[in-house]
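In what follows, a structure is listed as structure tokens, so that the remarks can point back to it.
The values are calculated or read from the model by the stated rules, or taken from the named source; none is laboratory data. None of these values were measured; they are calculated from a predicted model. Don't worry about glycine lacking a Cβ; one is built from the backbone with ideal geometry, like all the others, and counts go over all protein chains shown.
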Amino acid sequence: MDTAAVEVVDLVKRYGTTTAVTGLTFSARRGAVTALLGPNGAGKTSTIEVCEGFRRADGGRVRVLGLDPVADAAALKPRVGVMPQSGGVPTGARAAEWLRLMASFHARPIDPRLLLERLGLTSVAATPFRRLSGGQQQRLSLACAVVGRPELVFLDEPTAGLDPQARMATWDLVTALRGAGVAVILTTHHMDEAERLADHVVVIDHGAVAAEGTPAELTGGRREVCFSTDADVDAARLEAALPRGGRVGSRDTADGRREYTVTTEDPDALDPEFLAAITAWCASSGVLAEDLRVRRRTLEDVFLQLTGRELRDQ
Amino acid sequence: MTEHTFTASAGAAAAPATGGDDVSLFAPAPGAAPMWRMVASQAGMELRVMLRHGEQFLLTMVIPVLLLVGFSLTSVLDVGEGPRVDALTPGVLALAVMSTSFTGLAIGTGFERRYGVLKRLGATPLSRFGLLAAKTLAVLGVQAIQAVVLCTVALALGWSPSPTPGSVLAAVALVLLATAAFSSLALLMAGTLRAEATLAGANLVYVLMLGLGGVLFPTSGFPGPLEQAASVLPVTALSSGLRAVLTEGSPPSPGAFAVLAVWALVGGLLASRLFRWD
């Protein structure tokens, strides 16, 4: 039982001449939430579909609960729950009817009524799938993935298109699964979702792992000082004025100003004195620092730093 | 109710004090249900979805009944010798079999493939064999309903078949063999073409077979080459076989069985090779 829930080593997946996954390696523990985080087209769904046994790998090694997802598919299916990105239900099937069908495939399923209630679907139990809202379809699909009491669930973009309340219900369910010892692997391009839910985050870009670790490890628990201004800032002079060193980065903002970000090598170096040194330099240089703040680094910042691109703008 | 559920859920996430229930609720306890139960549930679902589908109901029930009633009571169509309903019923039964096991199955399966239903079912403990068994049972279930409805209507219109145990057995055997042939052709179409192409193609075949397949009148009135071409169509084999058994009280020709068997074999082989699940 101490094998990893999922182990992926040097996975390669090609579609014709396009290589979607280029040597991807990660592992996911049992009883933990692992998030595959990356922009659309990064290779998240390809990776998860290879793990689900839907697609064959073109290279590398994949083990799910210690088994081969294609060769051992029959043994794995009762043990693994799957939530596809969309669809998967006949348009004419009613919500509760379809969930009961999924439950009937399993030996000891969760009572479908409990799941419907928990996911806020009781009022649409008799509604055909095609008349459910996108969010309701997503939640029904999530219910179908967990109804058979699996050891491991794959959730592909479980909160895409959900309103905040439905998103909360989904997060709550994922947290409950984890608490009950279920391994959860989810894909997302929302960094707040990964930060909030995941024990382990695998940042994927261009089909390979860009970074991985706990959210705290990835962000390094670091802070940074940000401000924006339309005055000219000489970054080298500002850096020279910092008491124990630091780096100044900048980027253009949408409203035509520049935003400056001051970071330190040593997390402890960013102290009140450091902030005072920045404002003192601004005062002596005639720079009015607008929106000045000290903030914690997010996974979004990490992603931007790793790839030079923003997650949401993909 | 919905609001209350969400509030309670959000609270539970913030304070895991209520986690004990969740642990027992979600604790892994995987396992597949017995095969027969999976197949029975899936067959029930397929049957309900088929019967609920408006356009399919039109093809499988409304049109056959209308054809039977309309052409029995009016003389706009030359259906051959003898009482009109006697001549029409076997062909309409054949059309009904084709509408379910070919047209309905092809369109339904094509859209299931398009909407990722087949792929999703592939991730459940229900095996592909189980899914095919369930679809077969659902098709046979709809056909049983069609047979009861159409025979009742025909009897009400004065249909006077001469059933013997042997002829009933022969009719059932013909229908089963035809169902195998139509179903394998339906799956071949649904598993290789886009859903829209399957929809258009299956409906076109339905209309063509209605005219050419000896459904409403025997193909013996066709010009020679056309009659020969029509005689190798599965729906012609079924309608002529049923006509021989039900109307003429004679055994169906071995040719009818042979035509259906060849279609079933070829369709089945091609479908099992070429069917794409996603």
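Some observations on this one:
- Where a residue in region B:227-254 is at positive phi and its partner, wherever it lies, is at pLDDT below 90, with Cβ under 8 Å and at least six apart: B:Gly249/B:Ser162; B:Gly249/B:Thr164; B:Gly249/B:Ser167
- Residue within region B:157-166 that is under 15 Å from the mean Cα position of the chain (by Cα) and in a helix (DSSP H, G or I) present: no
- Residue list for region A:97-133, restricted to those being of a type outside the set (D, E, K, R), within 8 Å of chain B (Cβ to nearest Cβ), part of a loop (DSSP other than H, G, I, E, B) and closer than 14 Å to A:Gly148 by Cβ: A:Phe105, A:Ala107, A:Ile110
- The set of residues in region A:289-314 that are at pLDDT 75 or above, within 27 Å of A:His189 (Cα to Cα) and either in a loop (DSSP other than H, G, I, E, B) or small (Gly, Ala, Ser) (or both) comprises A:Arg297, A:Thr298.
- Breaking point among (1) within 25 Å of A:Arg108 (Cβ to Cβ); (2) crowded, with 22+ Cβ neighbours inside 10 Å, for B:Arg37: (2)
- Region B:85-116 - residue that is within 14 Å of another protein chain (Cβ to nearest Cβ) and either surrounded by 24 or more Cβ atoms within 10 Å (Cβ to Cβ) or among the hydroxyl-bearing types (Ser, Thr, Tyr) (or both) and, of those, farthest from B:Val65 (Cα to Cα): B:Tyr115
- Residue among A:Val50, A:Val62 that is within 14 Å of A:Leu24 (Cβ to Cβ), aliphatic (A, V, I, L, M) and in a helix (DSSP H, G or I): A:Val50
- Scanning region A:146-177 for residues that are part of a helix (DSSP H, G or I) and more than 9 Å from chain B (Cβ to nearest Cβ), we see that the one that is modelled with the lowest pLDDT is A:Pro164.
- Subset of region A:178-195 [within 10 Å of the chain's Cα centre (by Cα) and either closer than 19 Å to A:Gly120 by Cβ or outside any helix (DSSP H, G or I) (or both)]: A:Ile185, A:Leu186, A:Thr187, A:Thr188, A:His189, A:His190, A:Glu193
- Among (1) closer than 16 Å to A:Val202 by Cα; (2) buried (at least 23 other Cβ atoms within 10 Å of the Cβ); (3) not aromatic (Phe, Trp, Tyr), the one test that A:Gly81 misses: (1)
- Sole residue being in contact (Cβ under 8 Å) with a residue 12 or more places away in the chain, touching a helix residue (DSSP H, G or I) at 6+ places or on another chain (Cβ under 8 Å), of a type in the set (A, V, I, L, M, F, W, C) and part of a helix (DSSP H, G or I), chosen from B:Phe102, B:Phe57: B:Phe102
- If you check A:Ser27, A:Ser46 for being within 14 Å of chain B (Cβ to nearest Cβ) and of a type in the set (Gly, Ala, Ser), only one passes: A:Ser46.
- Flag for A:Ser141 being in contact with a strand residue (DSSP E or B) (Cβ under 7 Å, 6 or more places away or on another chain), under 28 Å from B:Glu112 (Cβ atoms) and either not assigned by the TED database to the domain that holds A:Val9 or not in a loop (DSSP other than H, G, I, E, B) (or both): yes
- Any chance A:Arg100 is more than 27 Å from A:Leu76 (Cβ to Cβ) and out of contact with any Gly (no Cβ under 8 Å at 6 or more places or on another chain): no
- For region A:78-96, a tally of residues being closer than 19 Å to B:Leu51 by Cβ, of a type outside the set (Lys, Arg) and not in a helix (DSSP H, G or I) returns 5.
- Which numbered condition A:Thr34 misses (of (1) closer than 19 Å to B:Pro28 by Cβ; (2) not in a strand (DSSP E or B)): (2)
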